[in-house]
1. Mind listing which trypsin sites (Lys or Arg not before Pro) in region 350-416 are in a DSSP loop and have 16 or fewer other Cβ atoms within 10 Å?
2. Distance between Cα centroids, region 102-136 to region 318-361: provide it in whole Å.
3. Determine the gain in length on full extension of the stretch residue 63-residue 275; use 0.36 nm per residue of separation and subtract their C-alpha separation, reporting nm with one decimal.
4. With the cut-off at 26 Å, tell me which of the pairs 205/237; 103/196; 282/413 have Cα atoms farther apart than that.
5. Describe numerically, in nm with one decimal, the distance between label points set 7 Å from Cα along Cα→Cβ at residue 235 and at residue 261.
6. Describe numerically, in nm with one decimal, the distance between label points set 7 Å from Cα along Cα→Cβ at residue 282 and at residue 204.
7. Can you list the aspartates and glutamates whose alpha carbon sits under 18 Å from that of residue 258, skipping same-chain ones fewer than 8 residues off?
8. Taking 35 Å as R0, compute the FRET efficiency from the Cβ-Cβ separation of residue 222 and residue 408 and round it to 0.05.
Amino acid sequence: MTSVRNRLPLLSGNKWLFIVFALLAGACSPKVRTVPVATKPAEKPAEKPKPTEKPPVKTVEAKASVVSLILPLSLDKLAPGQSYSRTDLTQANMAVEYYQGFKLALDSVAGQGANFKLQVYDSKDDAAIHSLGLNPQLKNGDLIVGPIFPEDIRLFAGMFNYSRKPIVSPLSPASPTLFNNQNLVTMTPPLEYHAKGAATYIVDKLKPKKVFILNSGFSDEKLYNSPFKRTIDSLGKRKIQVIPFTVTRGNLTPLVAKLSAKDQNIFLVPSTKQAFLMVTLKSLDTLAKKFPVTVFGHPSWEKYAFLKAGLLQRLNTHLTSSDKVDYKSPAVNTFIRQYRRIYRADPTDYAIKGFDEGLYFGELLARDDDSYRRVEDHDFKGLHNNFHFEKKPGQGWINTHVDILRYENFELKEVE
């Protein structure tokens, strides 16, 4: 899942955007008139009727779709006496990477005849965001992408609640229930859709009789557990027993009598706490020597260096993901080569996400039929993730697509 403010990984280097204005100068050639030499008058030939001249056909340029990006560039830090903090610089680099990927996508669509006007605004602080909410150039445009962070989205989206204009939340997985805007487009699936995706896979593919939920006791695990159990109960028609169990010091002995020696025993572990995971997964590894074990973990596990691939593979671990890039894909490698050629750098995840989202909305805007206002009708297979939107009253459109990954040969691979 995409990180939010103050948890973004530091990108390599410090990149800056330069806006270059080209002035076009026109020049006129002098007209040259040829004077005929005086000669003996000659008889006038019969005049032929002149063909009717057709007026030149004017090329009609495609109407420009106005797209506005609101990104945390913090350009005020460039002023004399100001400086970027580590957090400011991380966020600014992330913004530049996203912009470069997004612009590359629009350029690709424009090469097929579409026309775009891309406006970039700085979401440096609350005052700037409030000012942007009143900006007529934003209000009169076609699509707004940003802000990035949940607190900024809440402030900005509240000012556009009256409008039908789509406002894209490009990176944050925060639940749209926090923003109460019916025009919000949430690109990164919130946690509940990871839970639903895992539950759907378990019911449809594994068809167990029991599912064990191993809790650490922290209340934040309910954000995963509640939609997971609702989906299991709904799809399984309450024929699958969901057994919650709070684990203390890794002790799983009370569950042994309920385990199957032949069928896969499905364990959901929704925790993200390192100490709890180290002890509990070690206990599951011991249990797996006697019983078939399949573990489903939190999507954040993919980024945890303390979780070793060997252990997760022995536990037949499955994770949900909304940002897995297949670097062996021809399409991904074509994008990387093009990005390197233009920007002289390797693309980060933010650049790839920017490209996917720019290509998706660019193609919809190019249709000139308001398709970008009906994203629930248009699925998309991207480099980073696929888009499949559901429309929710009061929440807008939510991308619900997550992939199911499993450890094979000590790396995560998409389950076929």
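1. Values: sites: 353, 367, 373, 374, 381, 391, 406, 413; in loops: 367, 374.
Here the sparse-neighbourhood loop sites are 367, 374.
2. 20 Å
3. Details: separation 212, 0.36 × 212 = 76.32 nm, distance 5.71 nm.
So the extension gain works out to 70.6 nm.
4. Numbers: 205/237 15 Å; 103/196 33 Å; 282/413 23 Å.
Beyond 26 Å between Cα atoms: 103/196.
5. Placing both labels 7 Å along Cα→Cβ, they lie 3.1 nm apart.
6. 3.8 nm
7. Of all the aspartates and glutamates, those that pass the test against residue 258 - Cα under 18 Å, at least 8 places apart if same chain - are 285.
8. On the way: r = 31 Å, r/R0 = 0.89.
After rounding, the FRET efficiency stands at 0.65.
Coordinate-derived values only; no laboratory data. On a predicted model such as this, the values are computed, not experimentally measured, just so you know. Positions of Cβ are backbone-derived with ideal geometry, glycine not excepted, and every protein chain shown enters the neighbour counts.
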